[in-house]
Amino acid sequence: MSRKHVLDGIKVLDFTHVLAGPTCTRLMVETGAEVIKVEAAPAGDMVRFMPALKNGRSGYYIQQNRGKKAVCLNLRDKRAQEIVHKLVKDVDVVVENFTPGVMKRLGIDYETLSAINPNLIMCSISAFGQKGELSSLPGFDYIAQAYAGVIDMIGEEDGPPYFPGLGMGDVSTGAHAYGAITAALFHRERGGSGQHLDIALLDCLFHCHELNVQGYDGSDGALVPHRSGAHHFAVAPLGLFKGKEKYIVIIAIGAQWGNLLKVIGKEEFNDDPRFADNAGRTKHKQVLIDAIEGWLASTESDDEAVRILQENHVPVAPVLSVPEAMSHPHLIERQTVRTVTDRAFGKVKIPGMPLRFSAFPDFPDLQAGFLGEHNGEVLSSIGYSEHDIKTLTDDGVLAAEAIPS
């Protein structure tokens, strides 16, 4: 029997909202899992109202929730909790990203659900984890970035810290959760048990420090990580260099150092004791910055400068705006920028699927559900009659929006 993708046959009950959790379950549905997204009545996932909005639909929601079956329940109602208990008998994975303690108050925590289905893998995504002094606090990506020492690394050395204008903590955490879930599924398939996974934004963001943590501790505090504006605080040359029209990222370490000096006409720096090692280059990095930016100013254009550096095997990239990146032929060819068509929104560009599988080269054509669109389909699959579903809807246990023709 042929599989439609690597997670074909895996069934997921998804209690996630906004970004970190939906990223995880989006990767799961893109790789073949059946995902039932349970949204809280009456309004559902808050991103249904976030821009861009068109014809009553959110591009944000479409981007994160394509392919998921949409069920909307008032989880505070015991009858909704009973629905979840029936659904969980036949699922492999539950994913949730409520503040720790919420699932227990709703009677759908791991202890309760694993008693119903001992093979269940449950993944709880939160800002600070399920245990620890911060665990009970609500949090978002930027809150976790602040605690993880990430925001403090961004900005000018003598200025205030800044935060990046993208959800790198949420998306990274969603990807970490996807990896943990697939590993847990593999463990279970080899005869292991179900289990509870505790994935925190704080842990995943702190995991992104490549030099800072071990550098500080290993140097007994002599190497103090700090924000340093357009250039790395401990490696040179590595940073943003001013070209004729835009900034250009250039990194020249190891063998690339000699390649760069040849290109910019500063081969005498090879014999200059100031630049004998990385420590010296970092200490005297302004001399290097001036030399590199002087060469950039002498070139015909930024594009020509990038071309010359690339031909000489110096890692380089122009700093593209979001619209420029969206129109770059490489990103389009790889479907890193992907155009999808929604039933109400129409065509919209979204970030494409980052995981590529040679056995499954095609990306599935998926649609985002309308609020409560699959209430009837999902509940009837566990024995609810049309009359039962109508009663639950009339009583506000189920919620749904009208689906346009």
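The values are calculated or read from the model by the stated rules, or taken from the named source; none is laboratory data. Only a predicted model underlies this, so the values are computations on that prediction, with no experimental measurement involved. Neighbour counts are summed over all protein chains in view; Cβ atoms, including those assigned to glycine, are modelled from backbone coordinates with ideal geometry. The accessibility values were calculated without ligands, DNA or RNA, using every heavy atom of the protein model including side chains. Shrake-Rupley method; radii C 1.70, N 1.55, O 1.52, S 1.80 Å.
Every residue, every condition in (1) under 25 Å from Glu156 (Cβ atoms); (2) under 36 Å from the mean Cα position of the chain (by Cα), yes or no:
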| position | (1), (2) |
| --- | --- |
| His207 | no, yes |
| Asn212 | yes, yes |
| Pro237 | yes, yes |
| Thr299 | no, no |
Original post:
Do the conditions hold for Ile248, that is, is it over 25 Å from Gln64 (Cβ atoms), out of contact with any strand residue (DSSP E or B) (no Cβ under 8 Å at 6 or more places or on another chain) and among the aliphatic types (A, V, I, L, M)?
Top reply: no
Original post:
Would you say Lys104 is surrounded by 22 or more Cβ atoms within 10 Å (Cβ to Cβ) and among the basic types (Lys, Arg)?
Top reply: no
Original post:
Among (1) assigned to a helix (DSSP H, G or I); (2) over 16 Å from the mean Cα position of the chain (by Cα); (3) not aromatic (Phe, Trp, Tyr), where does Asp203 come up short?
Top reply: (2)
Original post:
Regarding Val224, is this residue open to solvent by 60 Å² or more (accessible area, probe 1.4 Å) and assigned to a loop (DSSP other than H, G, I, E, B)?
Top reply: yes
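Each row is one residue, and each column tells you yes or no for (1) closer than 30 Å to Arg356 by Cβ; (2) of a type outside the set (A, V, I, L, M); (3) modelled with pLDDT under 95.
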| site | (1), (2), (3) |
| --- | --- |
| Ile10 | yes, no, no |
| Gly21 | yes, yes, no |
| Glu30 | yes, yes, no |
| Phe49 | no, yes, no |
| Leu53 | no, no, no |
| Gly67 | yes, yes, no |
| Arg79 | no, yes, no |
| Glu82 | no, yes, no |
**OP:** Take the residues in the stretch 139-158 that are hydrophobic (A, V, I, L, M, F, W, C) and part of a helix (DSSP H, G or I), then tell me which one is farthest from Cys208 (Cα to Cα).
**Re:** Ile143
**OP:** Pairs only if they're at least six apart or on different chains, beta carbon under 6 angstrom, first in the stretch 21-37 and under 13 Å from Leu366 (Cα atoms), second among the small types (Gly, Ala, Ser); list them, first residue then second.
**Re:** Val29/Gly67
Subject >> Sole exception among (1) open to solvent by less than 50 Å² (accessible area, probe 1.4 Å); (2) closer than 30 Å to Val322 by Cα for Leu240, by number >> reply: (1)
Original post:
Hey, any hits in the stretch 340-360 for a residue that's β-branched (Val, Ile, Thr) and free of Cβ contacts under 8 Å to residues at least 12 places away in the same chain?
Top reply: yes
Subject >> Among the candidates Leu288, Leu185, residue that is closer than 30 Å to Val95 by Cα and open to solvent by less than 30 Å² (accessible area, probe 1.4 Å) >> reply: Leu185
Original post:
Going by the conditions given, is Ala276 farther than 30 Å from His5 by Cα and modelled with pLDDT under 95?
Top reply: no
Original post:
Hey, among the residues in the stretch 159-182 that are among the hydrophobic types (A, V, I, L, M, F, W, C) and outside any helix (DSSP H, G or I), which one's least open to solvent (accessible area, probe 1.4 Å)?
Top reply: Leu166
Subject >> Filter result (in a loop (DSSP other than H, G, I, E, B) and open to solvent by less than 30 Å² (accessible area, probe 1.4 Å)) within the stretch 37-51 >> reply: Ala41, Gly44, Asp45
**OP:** Report the residue count in the stretch 59-90 for those that are within 25 Å of Gly396 (Cβ to Cβ) and open to solvent by less than 30 Å² (accessible area, probe 1.4 Å).
**Re:** 14
**OP:** Answer with yes or no whether Ile382 is at pLDDT 95 or above and touching a helix residue (DSSP H, G or I) at 6+ places or on another chain (Cβ under 6 Å).
**Re:** yes
Original post:
Does Asp342 count as under 17 Å from Arg26 (Cβ atoms), modelled with pLDDT under 95 and acidic (Asp, Glu)?
Top reply: no
**OP:** Would you list the helices (runs of 4 or more DSSP H) that sit entirely within the stretch 305-398 and hold 2 or more residues that are of a type outside the set (Asp, Glu) and open to solvent by less than 30 Å² (accessible area, probe 1.4 Å)?
**Re:** 375-380, 386-394
